[in-house]
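Taking it in order: structure first as structure tokens, then the write-up.
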Ligand SMILES: [Zn+2]
């Protein structure tokens, strides 16, 4: 609010002129610059220069606006619609053959205004099929998904091309030509039987290492049909992640007795599968604020951790609602820690809610601090529930998986593999748990807009680490990651399909470091309060829905009341770099004139702090408008007295400037 008590730089908002303006400095008592006056608000006629900074339009989005499924405020439109599917899945895992056999039925609800004669499903396991296309390393000679039966609307379909009912598999996408089209408001039943071999360690995001099984992307899943793009049928190639629709799941998983199983969803039959001792300890974890060892090293056998089962097997049943996927994990070697997290009022009944926190890991993984995992997970869930909105699901469980999991998010689950120190373990745990909000709850298209889930989560991770480690500056690490690549010129813009980056570092910077850094810059432009309100409002509007980048942009403009097209254009559509410099400092009468150069192409407001020998720190903000007409230099005047000790641009380091060496005077 520093600028609130200062005179406005009103004449600086004239676009396209290089102005020297006399500014009466005022003391703020703090060094954070305030928010400059709104430039042009949304809906008014932008100045010509602002129009030149317009955001490229997206055909499908403009059509969605005109049809009323999206709105100019960034909220879902009055005619927004979204598909839904109910899944009933059964699988049996044979740890000897490492094979999974599955059977499933899907009821697909067509809530679109379109008649669908064809539907698409994802067979993501086909990234492991012989001869598959992929852009990451995958284990050699695994298998894809082997379909035994494919049926639609009560009719078995054959794998044939051409016209008429049938199905075709192309990589990770299956196309079903239906016996009868599904009208708007109608539904259709599909049935499948399949087998797959769980891939070994080395498989991206899951698999098995002989001891632990993390089962992901294991069933035929409806592709997304949305109001902007229709069917999204992009292949799963390994680098870019996913786009999934919402639905409910009933899942039955059969494994040897004595194996512990954890899955997306709520366990429906604890009395059938968990021993009395395990259930009692789990109950105490629901109430206890400490971490309860539900299954210890001494308990891991049928009759102790689990019941004995029938023929040495147990069937675990889970139910999940409003999730975009189901993943699960199983091992005979897992320990199980549990506690609970306070999430605030998740159900909206005015009373506080809790969720169960779980951690499944092998005893030797204490080397990677898995004995702290439940505590880290609880802290993360509680942090994000306060920072964003209450965690809505029944549990959040961290799972020790094959090394190639790295860190990967699934609804209510994370798979974490590899070796970690405590900093890294907290970081990966909180990052993956952060993904419960983006993209598990806010269901964006991760393939085409990786920044929408990774960038937002990387930013959220930094907030969580700052609080957990009491001031740890993770934002600085993100900024450095971005600037290091930006300085080489190897950067690619954020609005770029995740599978079309020239290399992994360009993908990583554009998906993680840069968007996280850009959000910090946006926070600097808007001020913390407005930024946070806009950020949470975007999430609130798009919970369990499918936002595009334009819905994010429009929501931020709607909440802040500002036209930020220059910001979106600069940071999401271009690779323009920011380089603001103090060019000259000269005495003019009783003033000091500070000449500021914009040496990069990125236009940003200038946040100046003038520190005087009496200790006063005056904050000045020069609106971005000075640059929008192409000016490369501007100047401001401040009183000469009391004597100026130093002048610095953006001492709070909110903006990712490529050269900090020219931002201080004296140098
Ligand atoms: Zn991530």
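No lab work stands behind these numbers, since they all come straight from the coordinates. For clarity, every value in this text was computed on a predicted model and none was experimentally measured. Quick reminder, even Gly has a Cβ in these numbers, built from the backbone with ideal geometry, and neighbours come from all protein chains shown.
General remarks:
- Estimated from the Cβ-Cβ distance and a Förster radius of 41 angstrom, the FRET efficiency linking residue 288 and residue 159 is about 0.15.
- Taking every C-alpha pair closer than 8 Å and separated by at least 6 residues, the mean separation divided by the residue count of the chain gives a relative contact order of 16 percent.
- Rounded to 5, percent antiparallel among DSSP beta bridges of the chain: 85 percent
- The angle between the Cα long axis of helix 422-434 and the main principal axis of the chain comes to about 80°, on a 0 to 90 degree scale.
- Gain on full stretching of the segment that runs from residue 576 to residue 97 - 0.36 nm per residue minus C-alpha separation: 167.1 nm
- Shape category assigned to region 303-373 from the gyration tensor of Cα positions, a/c cut at 1.5: oblate
- Distance (nanometres) between label positions extended 7 Å along Cα→Cβ at residue 114 and residue 298: 6.1 nm
- Taking a ≥ b ≥ c as the square roots of the eigenvalues of the Cα gyration tensor, an a/c ratio of 1.5 or more together with a/b no larger than b/c marks region 433-552 as oblate.
- Beta bridge orientation in region 386-519: antiparallel %, DSSP, nearest 5: 50 percent
- Extending 7 Å from Cα along the Cβ direction at residue 504 and again at residue 313 yields two label points whose distance is 3.8 nm.
- Rounded to the nearest 10 degrees, the angle from helix 549-560 to the longest Cα principal axis of the chain is 50 degrees.
- Distance from the Cα centroid of region 525-583 to that of region 491-512 is 19 Å (rounded to whole angstrom).
- Centroid-to-centroid separation of region 275-308 and region 443-459 [C-alpha atoms, Å]: 37 Å
- Label zone at residue 277, where the point sits 7 Å out along the Cα-to-Cβ direction: region 299-339 residues whose backbone N lies under 11 Å: 299-306
- FRET efficiency for the pair residue 248 and residue 632, taken as 1/(1 + (r/R0)^6) with r the Cβ-Cβ distance and R0 = 51 Å, rounds to 0.35.
- Remark: the residue 137-residue 470 segment gains 116.1 nm on full extension, using 0.36 nm per residue and subtracting the alpha carbon distance.
- Residues within the reach of a label modelled at residue 484 (point 7 angstrom out along Cα to beta-carbon, backbone nitrogen below 16 Å), restricted to region 456-478, are 474-478.
- Rounded to 10°, Cα long-axis angle of helix 514-526 versus longest principal axis of the chain: 50 degrees
- The length gained on full extension between residue 587 and residue 88, counted as 0.36 nm times the residue separation minus their Cα-Cα distance, comes to 172.0 nm.
- Euclidean distance between Cα centres, region 183-227 to region 606-667, Å: 54 Å
- With an a/c value of 1.5 or above and a/b larger than b/c for the gyration tensor axes a ≥ b ≥ c computed over the alpha-carbon atoms, the chain is described as prolate.
- As a rough guide to protection, the peptides 106-113, 484-491 ranked by mean Cβ packing within 10 Å, highest first, stand as 106-113, 484-491.
- Highest average first, the peptides 337-344, 466-473 ordered by how many other beta carbon atoms sit within 10 Å of their residues are 337-344, 466-473.
- In this structure, residue 421 and residue 366 have a Cβ-Cβ separation that, at R0 = 22 Å, corresponds to a calculated FRET efficiency of about 0.95.
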